[in-house]
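The values are calculated or read from the model by the stated rules, or taken from the named source; none is laboratory data. Every value quoted in this text rests on a predicted model; they were computed, and no experiment measured them. Cβ coordinates were reconstructed from backbone atoms using ideal geometry, including for glycine residues, and neighbour counts include every protein chain displayed. We work out accessible area using only protein heavy atoms, side chains counted, and drop any ligands, DNA or RNA first. Shrake-Rupley method; radii C 1.70, N 1.55, O 1.52, S 1.80 Å.
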Amino acid sequence: MVKVVKFGGSSLASAEQFMKVGDIIRADKARRYVVPSAPGKRNSKDTKVTDMLYACYALAEEGKDFRVPLMKIKDRYDSIINGLQLKTSLDEEFKIISEMFKKKAGSDYAASRGEYLNGIIMADYLGYEFIDSATVIFFDENGNFDADKTDKVLSEKLANIENAVIPGFYGSLPDGTVHTFSRGGSDITGSIVAKASRASIYENWTDVSGCLVADPRIVPNPEPIRVITYRELRELSYMGASVLHEDAIFPVRKAGIPINIRNTNDPEAEGTMIVESTCQKPDFTITGIAGKKGFVAVNIDKDMMNAEVGFCRKALEAFEENGISIEHMPSGIDTMTVFVHQAEFEGKEQQVVSSLRRLAAPDVIDLEADLALIAVVGRGMKSARGTAGRIFSALAHANINVRMIDQGSSELNIIIGVSNDDFERAITAIYDIFVETRL
């Protein structure tokens, strides 16, 4: 058995956390490949090393003196090294970083050094081989991840290495320039390494004991999710659930490798298993609830819309030509509603309205702002009658007006639109009716 283990920033924020991670890795010989993030916050008032690097490089780009903040970053690493009683020296690495900052090597290079340096320390601490991700993870000239080249090179590299540390978050462009994934991209690196090593399981260690049915900042002590499918997690991640980077699903999903979300601070907890499919019934009718605020509903009315061939295409072209992506599009016989991000739409609203008039000639265009979308997701909803009715009932009891409801053909999720002000109360009401009362 081969396990790839990825540890998040909070799991590696200090020497004490490193020791916990070391114990976890050494407890199972199958944990052969380790993907570390950059050091995160040690406490609520602390700063993540990645943010420190971005700020430091911003000074360098402006031609200002960045030596003091760079030394503060070095102090963070030295405190970990000293706490672990290692002889590792990062002096030469920081000299190189300083020179690269002076040469304005780019913010991607700057941000990637957090994982790179943590990887060096982790490899020394474990006695594992260190592999610079820039030599095994590749992007094309447009900055898109090159999955085929990466899998070929990384597979060949790992085939001859028993144990290795591969830093998360970054790779390289064809010219060798360092390029990063989006924030949280270490999850993606772990998934890539799992696929390349033909791992049996990808363990993603963080500071929570797996995925939760709802956001704990909204619902106190929500129930954990024991098993969730890739499709369910994809829906929840897209709508704001943040345990795992949404793009981390794809490499392992194709390879049929399950992901296990675990808690570094509670290693005995089983966490959440993320799988392709399962015959295990979920604990509740729903698997999870997630959502986002800040949407605008563009309501478009036209008599006999259903009989006009190409009307929807014409309407959507108005958004496309103004560079606005669409979130959801529920429709009726003579109406269609397009949900878009408010921040993206506000500066272009009149251009979009004008384009709609010109392209689709609707009778009425009505704009409604300050809306939130909530996704209720669950494989168990397909076999449960009246799920939508229960949602309506819960929201009615909480005096919440539903602005939109949209169910996908797969019956895996139901999207509800409410006002921003009702967002938290709506999630709590839905959680209560499906989880607390177990309807």
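For every residue, the table says whether it meets (1) acidic (D, E); (2) closer than 20 Å to A426 by Cα; (3) at pLDDT 95 or above.
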| residue | (1), (2), (3) |
| --- | --- |
| G347 | no, no, no |
| Q351 | no, no, yes |
| V376 | no, yes, no |
| M381 | no, yes, no |
| A384 | no, no, no |
Fill in the blank from the handout: Within the range 88-133, restricting to residues that are out of contact with any Asp or Glu (no Cβ under 8 Å at 6 or more places or on another chain), among the hydrophobic types (A, V, I, L, M, F, W, C) and open to solvent by less than 20 Å² (accessible area, probe 1.4 Å), the one that is nearest to K195 (Cα to Cα) is I131
Exercise for the section: Would you check which residues across the range 134-149 are of a type in the set (D, E, K, R), in contact (Cβ under 8 Å) with a residue 12 or more places away in the chain and open to solvent by 60 Å² or more (accessible area, probe 1.4 Å) and list them? Expected result: E141
Practice task
Check the range 188-196 and report whether any residue there is hydroxyl-bearing (S, T, Y) and buried (at least 17 other Cβ atoms within 10 Å of the Cβ).
Solution key: yes
Exercise for the section: Look at the range 119-152 and say how many of its residues are more than 15 Å from Y33 (Cβ to Cβ), in a helix (DSSP H, G or I) and among the hydrophobic types (A, V, I, L, M, F, W, C). Expected result: 4
Practice task
Could you pull out the residue among A290, A297 that is more than 22 Å from V353 (Cα to Cα) and either open to solvent by less than 20 Å² (accessible area, probe 1.4 Å) or over 30 Å from the mean Cα position of the chain (by Cα) (or both)?
Solution key: A290
Completion exercise
Quick count over the range 18-36, residues being open to solvent by 10 Å² or more (accessible area, probe 1.4 Å) and in contact with a helix residue (DSSP H, G or I) (Cβ under 7 Å, 6 or more places away or on another chain), is 1
Fill in the blank from the handout: If we ask which residues in the range 281-318 are free of Cβ contacts under 8 Å to residues at least 24 places away in the same chain and at negative phi, their number turns out to be 5
Exercise for the section: Please go through the range 214-246 and pick out each residue that is of a type in the set (D, E, K, R), in contact with a Gly (Cβ under 8 Å, 6 or more places away or on another chain) and at pLDDT below 90. Expected result: E232
Fill in the blank from the handout: (1) in contact (Cβ under 8 Å) with a residue 60 or more places away in the chain; (2) surrounded by fewer than 18 Cβ atoms within 10 Å (Cβ to Cβ); (3) of a type in the set (D, E, K, R); (4) in contact with a strand residue (DSSP E or B) (Cβ under 7 Å, 6 or more places away or on another chain) all hold for R183 apart from (4)
Exercise for the section: State all residues of the range 162-177 that are open to solvent by 20 Å² or more (accessible area, probe 1.4 Å) and either closer than 13 Å to F138 by Cβ or part of a strand (DSSP E or B) (or both); if no residue qualifies, say none. Expected result: L173, P174, D175, G176, T177
